[in-house]
Amino acid sequence: SGFSDDNSKWLAPAKAKKIPSKGNHVELSSDGEAEEGNWEMEEDEDGSSEEMVDDYGASSSEEEELLPIEKAALKQKPDSEDDSEEEDEEEEEEEEAAETTAREKTGQKEEENSDLQLNLDIDEQFKLPTNEEIEKEDILFICDPPDLHVIHQRIKGNMEVLQDFVVKREEGRTRQEYLALLRRDMAAYYSYSDFLLTKLMDIFPLPELINFLEANEVPRPVTIRTNTLKTRRRDLAQALIDRGVNLDPLGKWSKTGLVIYDSSVPIGATPEYLAGHYMLQGASSLLPVMALAPQENERILDMCCAPGGKTSYIAQLMKNTGMILANDSNAERLRSVVGNLHRLGVTNAVVSNCDGRQFPKVCSCLLWGVLGGFDRVLLDAPCSGTGVISKDPAVKTNKDEKDILRCAHLQKELILSAIDSVNAASETGGYIVYCTCSIMVEENEWVVDYALKKRNVRLVATGLDFGKEGFTRFKDRRFHPSLKSTRRFYPHTHNMDGFFIAKFKKFSNAIPQAQKEAATLSAVPETVVEPPPKKKKLEGSKADKEQKLPQPTLKKKHSLQAQRRPLKA
């Protein structure tokens with residue numbers, strides 16, 4: 001009848017009906033499964049058979065071949081696709097909303113933080129306490145210990161102001177007031193005397209001073225020196241590692257040093273230590289011997305040798321040749337020197353107990369009559385110990401101006417004695433190394449400058465490629481420009497004890513004329529000056545004649561002289 005709007009049958013899909021075939025037999029499919037029947041198309045009313053078509057124009061035979069589970073999956077797939085699309089859209093919307101809210105929150109936080117920072121800057125701006133507040137704190141310190149946290153925060157604030165004083169200072173306050181408060185706070189926080197802190201503030205800039213004080217609160221690493229007279233560093237390190245010692249080479253500048261991090265055995269009681277394979281010695285104590293650079297078959301004087309670490313290192317570098325005179329004024333300390341020299345196998349050392357200041361006079365026969373003077377002298381002078389505060393914290397409070405000046409005076413006497421003990425005509429030597437474990441200028445540059453003026457010596461390079469240069473000017477003092485060749489070592493910079501090293505070269509055995517008379521008078525205080533021999537002979541003959549003359553003749557002679565005196569006048 002054709003297709004029209006009234007005929008709606010053409011809109012309905014064709015239906016399929018399972019009809020058994022005429023020969024109801026079983027056939028095998030390509031998959032090897034049995035099929036009991038065949039699908040045949042149901043004829044329409046018109047008798048024409050048409051292929052079944054689904055809503056999307058695909059043949060329904062493909063769907064009919066699927067299993068029920070696969071059909072259910074196909075039905076769920078479009079639903080899941082729709083759901084996933086909706087979920088993706090919802091997630092995107094949520095992310096956008098979260099981003100916008102986060103932006104708003106961050107903006108608000110930044111504004112709040114800036115406001116808070118401004119408030120903190122305004123509220124926490126450092127202000128100097130008044131005199132009344134300081135007096136109250138002093139009274140409280142007597143009763144209760146100080147609050148170290150408050151003092152530490154005040155030190156930080158004070159340092160910030162001093163680093164930008166023009167901008168951050170309080171109106172009407174001077175820099176001296178800030179420095180006085182800083183010195184007072186650091187003395188309370190680090191337990192230093194006011195005198196020593198004043199000295200340290202003159203030496204270091206303020207940021208470096210804090211680092212120096214902090215470094216003194218931490219002990220220096222334990223270091224040992226390999227005794228190459230008995231072993232090699234490689235073998236010693238392996239032996240100690242086998243005993244549970246954690247170690248490393250000390251540095252590129254040392255071929256014998258080892259640094260000990262931790263140990264399961266006492267490092268001073270191992271079989272290797274008792275056998276003399278190594279010496280417990282600080283890293284800074286190796287530097288003076290390296291600067292001295294002793295050569296084989298030389299004559300060396302170690303003027304202040306106790307406890308023997310530097311002496312044994314000199315013997316090690318000399319390979320037990322030549323001669324070392326190990327001297328110290330303290331007889332009790334010489335016991336440790338003798339013990340260490342025996343343990344380490346040193347055979348070229350002679351130990352003496354003598355005052356170093358009198359050394360050239362007491363040993364004049366030994367020096368010039370027998371030996372002809374020393375080739376090199378090492379003077380590790382007694383000092384205040386301000387470079388080894390980590391080992392001896394008592395130095396913080398028990399040193400004053402008198403102690404520093406007393407040490408400086410002793411060091412000046414010792415360095416002149418050391419210079420006089422060296423032979424300037426030595427073919428290989430003529431060198432003096434002066435060192436201290438102090439960082440005070442009065443004990444270092446001041447003493448070296450004094451020696452340059454009093455003796456015929458000059459400063460030479462120490463041979464150490466690290467360390468800070470010595471001062472050529474300090475406050476109102478001006479030193480010789482060659483003091484740049486001296487070296488300073490600090491705990492906060494080089495992780496070793498504070499040390500000072502200077503190396504001299506003696507170019508003449510003569511003492512300058514201005515100091516020669518003073519030296520002779522001090523050496524021989526009761527010297528009687530005799531008159532010239534000719535004058536003594538004439539006076540003796542004249543006195544003899546006067547004694548032989550009779551008494552009247554003498555009176556007459558005196559009367560004649562009395563008469564002649566007015567005429568001469």
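The values are calculated or read from the model by the stated rules, or taken from the named source; none is laboratory data. Keep in mind it's a predicted model, so treat the numbers as computed, not measured. Reconstructed Cβ throughout: ideal geometry from the backbone, glycine too, with neighbour counts over all protein chains shown. Surface areas here come from the heavy atoms of the whole protein model, side chains and all, with no ligands, DNA or RNA. Shrake-Rupley method; radii C 1.70, N 1.55, O 1.52, S 1.80 Å.
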Pair list, Cβ under 8 Å, 6 or more apart: region 218-240 residue without any contact (Cβ under 8 Å) to a residue 60 or more places away in the chain, other residue charged (D, E, K, R):
Thr226/Arg232; Thr226/Arg233; Thr231/Glu272; Arg233/Lys255; Leu236/Glu272; Ala239/Glu272; Leu240/Glu272
Return the total of residues in region 155-183 being in contact with a helix residue (DSSP H, G or I) (Cβ under 8 Å, 6 or more places away or on another chain), under 28 Å from Phe471 (Cα atoms) and without any contact (Cβ under 8 Å) to a residue 12 or more places away in the chain.
0
Here is a check on your reading of the model: is Thr198 among the β-branched types (Val, Ile, Thr), within 19 Å of Lys475 (Cα to Cα) and surrounded by fewer than 17 Cβ atoms within 10 Å (Cβ to Cβ)?
yes
Just one listed residue, out of Val447, Val433, is β-branched (Val, Ile, Thr) and in contact with a Pro (Cβ under 6 Å, 6 or more places away or on another chain), and it is Val433
Which residue is least open to solvent (accessible area, probe 1.4 Å), if the candidates are limited to region 340-362 and must be part of a loop (DSSP other than H, G, I, E, B) and over 15 Å from Tyr313 (Cα atoms)?
Cys354
Filter region 228-268 down to the residues that are open to solvent by 60 Å² or more (accessible area, probe 1.4 Å) and part of a loop (DSSP other than H, G, I, E, B) and list them by number.
Thr228, Lys230, Arg232, Arg243, Lys252, Trp253, Lys255, Ser264, Pro266
Ala237 more than 28 Å from His149 (Cβ to Cβ) and not assigned by the TED database to the domain that holds Gly345
yes
Within the set of pairs 6+ apart or on separate chains, which have a first residue in region 425-449 that is closer than 24 Å to Ile300 by Cα, a second that is among the polar types (S, T, N, Q) and open to solvent by 10 Å² or more (accessible area, probe 1.4 Å), and C-beta atoms under 6 Å apart?
Thr428/Gln295
Could you name every one of the strands (runs of 3 or more DSSP E) located completely within region 440-517 that has at least 2 residues being in the same structural domain as Leu292 (by the TED database), open to solvent by less than 40 Å² (accessible area, probe 1.4 Å) and under 20 Å from Glu413 (Cβ atoms)?
457-460, 499-506
Region 405-419: number of residues that are within 21 Å of Thr198 (Cβ to Cβ) and touching a residue at least 40 places away in the same chain (Cβ under 8 Å):
0
May I ask you to verify whether Arg220 is under 30 Å from Leu317 (Cβ atoms) and open to solvent by 70 Å² or more (accessible area, probe 1.4 Å)?
no
